[in-house]
Amino acid sequence: MLSILKDGFKELSLGFTDEAARKFQLYYDYLTQRNTVMNLTAINGEADTARLHFLDCAALCNIYPFSGKSVIDIGTGAGFPGLPLKITEPSIELCLLDGTKKRVDFLQETCQILDFPDVRCLYERAENAAVDIGGSFDVAVSRAVARLNILCELCLPFVHVGGVFIAMKGPNCEEELLEASNAISILGGGGAKIEKYQIPETDIIHSAVVIKKLRPTPPVYPRNFGQIKKQPL
Ligand code: SAM
């Protein structure tokens, strides 16, 4: 796994320190161990985990300058993309949020193993957490949680004006972005751009949709999840 990561980081022109190598290995070992008794990831094995989880997430560092930023990962599951970002760019102030208790317990244990005492692991639904910590992050990130029109209502409220929301998507997300244009505008976003990237050590193309926060989100959003799903903006 470490040789794939080393080559992948080289391809991304990102530094790969001994400390990062050690932490990715510890993360992989604990993820694999816990995945035998709980549902954390369908991606198995060192090579696929290195490419499809770790390098896919680390590639975001070439799309946005994360250094020193406060970042919230909405629906982080087993820690993606948040933890690979933190290992790659340790200066970020990271909050991992998920609505499933068992996964948040796993994240807390993982943060202890990785010696990340400053990473906040929050067991809450995004639409409820936004009431307390909305508007307080430079960046919100999210991968594999919902279609973009729904995801925008879960994520944009967390970002302050001047920050960004980055949604990780598959190769073809133009139609999804079009479908979300009304939601983006209502929620205070704008200037959306799709950045395509190749996952290093693969021929897979993924997209990062980068949406700027231009105005505060009106306080009626996010609505409860039933409404968000039934009547997406
Ligand atoms: N982001 C991870 C990844 O890319 O591997 C996990 C993706 S998993 C398919 C979706 C995760 O989003 C689950 O862990 C689920 O509990 C969480 N989730 C879905 N809706 C949520 C919400 N409204 N608030 C918080 N977490 C949510």
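The values are calculated or read from the model by the stated rules, or taken from the named source; none is laboratory data. None of these values were measured; they are calculated from a predicted model. Backbone-built Cβ (ideal geometry, glycine too); neighbour counts: all protein chains shown. Note: accessible area is taken over every heavy atom of the protein model, side chains too, but ligands, DNA and RNA are not part of it. Shrake-Rupley method; radii C 1.70, N 1.55, O 1.52, S 1.80 Å.
Do we find that F137 is modelled with pLDDT of 95 or more, more than 13 Å from the ligand (Cβ to nearest atom), open to solvent by 10 Å² or more (accessible area, probe 1.4 Å) and more than 14 Å from the chain's Cα centre (by Cα) in this structure?
Taking the combined requirement at face value, the residue does not satisfy it.
Return only the number of the condition from (1) in contact (Cβ under 8 Å) with a residue 60 or more places away in the chain; (2) more than 9 Å from the ligand (Cβ to nearest atom); (3) open to solvent by 10 Å² or more (accessible area, probe 1.4 Å) that C152 does not satisfy.
Exception for C152: condition (3).
Could you pull out every one of the strands (runs of 3 or more DSSP E) wholly within region 149-218 that has 2 or more residues that are β-branched (V, I, T)?
Per the criteria, 159-169, 205-213.
Checking the structure you have, find out if any residue of region 57-64 is part of a loop (DSSP other than H, G, I, E, B) and surrounded by 20 or more Cβ atoms within 10 Å (Cβ to Cβ).
no
Pairs needed: first member in region 164-186, open to solvent by 30 Å² or more (accessible area, probe 1.4 Å); second member anywhere, assigned to a loop (DSSP other than H, G, I, E, B); C-beta distance under 6 Å; at least 6 residues apart or different chains.
Listed by first residue and then by second, the contacts come to N182/L233; I186/L233.
Those residues that are more than 16 Å from the ligand (Cβ to nearest atom), part of a loop (DSSP other than H, G, I, E, B) and more than 17 Å from A20 (Cα to Cα), I need them from region 69-114; list them, please.
Of everything in region 69-114, just one residue is more than 16 Å from the ligand (Cβ to nearest atom), part of a loop (DSSP other than H, G, I, E, B) and more than 17 Å from A20 (Cα to Cα), namely K69.
Checking Q112 against (1) open to solvent by 60 Å² or more (accessible area, probe 1.4 Å); (2) touching a strand residue (DSSP E or B) at 6+ places or on another chain (Cβ under 7 Å): exactly one of these is not met. Which one?
Looking at each condition in turn, Q112 falls short on (2).
Among the candidates T41, T32, T36, single out the residue that is more than 14 Å from the ligand (Cβ to nearest atom), of a type in the set (V, I, T) and surrounded by 15 or more Cβ atoms within 10 Å (Cβ to Cβ).
Selected residue: T32, the only one of T41, T32, T36 that is more than 14 Å from the ligand (Cβ to nearest atom), of a type in the set (V, I, T) and surrounded by 15 or more Cβ atoms within 10 Å (Cβ to Cβ).
Mind checking which residues of region 158-171 are in contact with a Phe, Trp or Tyr (Cβ under 6 Å, 6 or more places away or on another chain) and within 12 Å of the ligand (Cβ to nearest atom)?
Listed by number, the list holds a single entry, F158.
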